[in-house]
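The structure's right below; bear with me while I get my questions together.
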Amino acid sequence: MSWKITSVSPSSSAIFLALRLLSYSFHVTKAQTYPPLVEGLSWDFYESSCPSLEYAIRNHLRQVFNDSIAVAAGLLRLHFHDCFVQGCDGSVLLEGSTSGPSEQDAPPNLSLQPAAFKTINDLRGIIESQCGRVVSCADITALAARDAVYLSGGPYYDVPLGRRDGLSFATRNQTLANIPSPTLNTSGLLTSFATKNLNAADLVALSGGHTIGIGHCPSFTNRLYPTQDPALDKTFANNLYEICPTSNSTNATMLDIRSPNNFDNKYFVDLLNRQGLFTSDQDLYTDSRTTEIVTSFAVDQNVFFEKFIYAITKMGQLSVLTGTEGEIRANCSVTNSDSLFLPRSVEKEEIGLAKW
């Protein structure tokens, strides 16, 4: 007996049904993994106006991180400090002007990496050369933070886009009031995060960003002087005394002693071993409201990654400007009205609004 094999072409209705099912599956997955999108943001905002956007950013950042992986932590921190002060509008990127000192000049931001700011402006130039001025600095910052996580070994996640850049920066007092201090305990952190509609799980997940990067002595010497914090592991404390031999030392050390350049869950393992660097780190394990969350992340990295994706996407939509609000800066460090690159290209701006 022989079998005759014939090819069967799917009907157009079958193809349509398959596409509908694929689309349904895609949206269900998104709904399970990501928080709802705010109005004006979308997953494919630059699909037509700048299709090479994400490749261009990742390609450049691979080169940057090959030279210095430390910039990855700087870019992630830049996104956090941007969003926590008057929303994710790129205001932290603005330099001071005649109106006064910028957010960069406020104490919480003095340790932000100059290399991170340079990288964002470099990306601004690369993207404009390929697509024109259609992508905001706020969106570039959000995408750079994602790739900082991903290229450091962390999870890949999609970034909703369509943010516009703010026209002003916050004051010193506003910045101080909104950026949580590393000396805060969990109660203070929960209060601070609650003002952003971020809960305990979001707090612990976002704190996991400390799995990469460094901390400077002034941020943790409160745990060494005048007396040692009893929550500190003794051996770990002795190492910190060597790094910060006096209460006014300015040296730095890794935030995660186990895998300082890898985005993983070892930060939470540090906390279980009383080796968290800041008060704001270690107290997450001490406080009963967050202990179980810390433990779950230390035990299962996939659980941490899942919660981190949800939390950073939620944070990345704080008080965003969309549509015709704000602007798309020619230079990320100055508003267009102060920019040397005036006049603005109205045509390019309109292209950027086409997907809104």
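Any idea how many residues of the stretch 264-299 are of a type in the set (Gly, Ala, Ser), open to solvent by 20 Å² or more (accessible area, probe 1.4 Å) and outside any loop (DSSP other than H, G, I, E, B)?
1
Also: Residues to consider are 320, 303; find the one that is in contact with a Ser or Thr (Cβ under 6 Å, 6 or more places away or on another chain) and under 28 Å from residue 161 (Cβ atoms).
After ruling out the rest, the residue left standing is 303.
Yes or no, residue by residue, for (1) outside any loop (DSSP other than H, G, I, E, B); (2) under 13 Å from residue 275 (Cα atoms); (3) modelled with pLDDT under 95; (4) out of contact with any helix residue (DSSP H, G or I) (no Cβ under 7 Å at 6 or more places or on another chain):
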residue	(1), (2), (3), (4)
218	yes, no, no, yes
225	no, no, no, yes
228	no, no, no, no
231	no, yes, no, no
235	yes, yes, no, yes
242	yes, no, no, yes
253	yes, yes, no, no
256	no, yes, no, no
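Hey, among the residues in the stretch 194-218 that are surrounded by fewer than 22 Cβ atoms within 10 Å (Cβ to Cβ), closer than 24 Å to residue 244 by Cα and of a type in the set (A, V, I, L, M, F, W, C), which one's nearest to the chain's Cα centre (by Cα)?
Ranking the qualifying residues of the stretch 194-218, first place goes to 214.
Six or more apart or on different chains, Cβ atoms under 8 Å: show the pairs whose first residue is in the stretch 300-328 and in a loop (DSSP other than H, G, I, E, B) and whose second is β-branched (Val, Ile, Thr) and open to solvent by less than 30 Å² (accessible area, probe 1.4 Å).
316/159; 328/134; 328/135
Then there is this: Could you tell me whether the stretch 140-149 includes any residue that is β-branched (Val, Ile, Thr), within 29 Å of residue 39 (Cα to Cα) and touching a Gly at 6+ places or on another chain (Cβ under 7 Å)?
yes
Follow-up question, since we're still on this one. Are any residues in the stretch 73-124 of a type in the set (Val, Ile, Thr) and either open to solvent by less than 20 Å² (accessible area, probe 1.4 Å) or touching a residue at least 40 places away in the same chain (Cβ under 8 Å) (or both), and if so, which ones?
85, 92, 119, 120
Could you tell me which residue of the stretch 174-193 is most open to solvent (accessible area, probe 1.4 Å), considering only residues that are touching a residue at least 60 places away in the same chain (Cβ under 8 Å) and among the aliphatic types (A, V, I, L, M)?
The extreme case among them is 176.
If only one of 227, 250, 235 is touching a residue at least 24 places away in the same chain (Cβ under 8 Å) and surrounded by fewer than 22 Cβ atoms within 10 Å (Cβ to Cβ), which one is it?
That would be 250, the only listed residue that is touching a residue at least 24 places away in the same chain (Cβ under 8 Å) and surrounded by fewer than 22 Cβ atoms within 10 Å (Cβ to Cβ).
The values are calculated or read from the model by the stated rules, or taken from the named source; none is laboratory data. Here the structure is a predicted model, which means the values were calculated and not measured. Positions of Cβ are backbone-derived with ideal geometry, glycine not excepted, and every protein chain shown enters the neighbour counts. Protein only, heavy atoms only, side chains kept; ligands, DNA and RNA dropped before computing areas. Shrake-Rupley method; radii C 1.70, N 1.55, O 1.52, S 1.80 Å.
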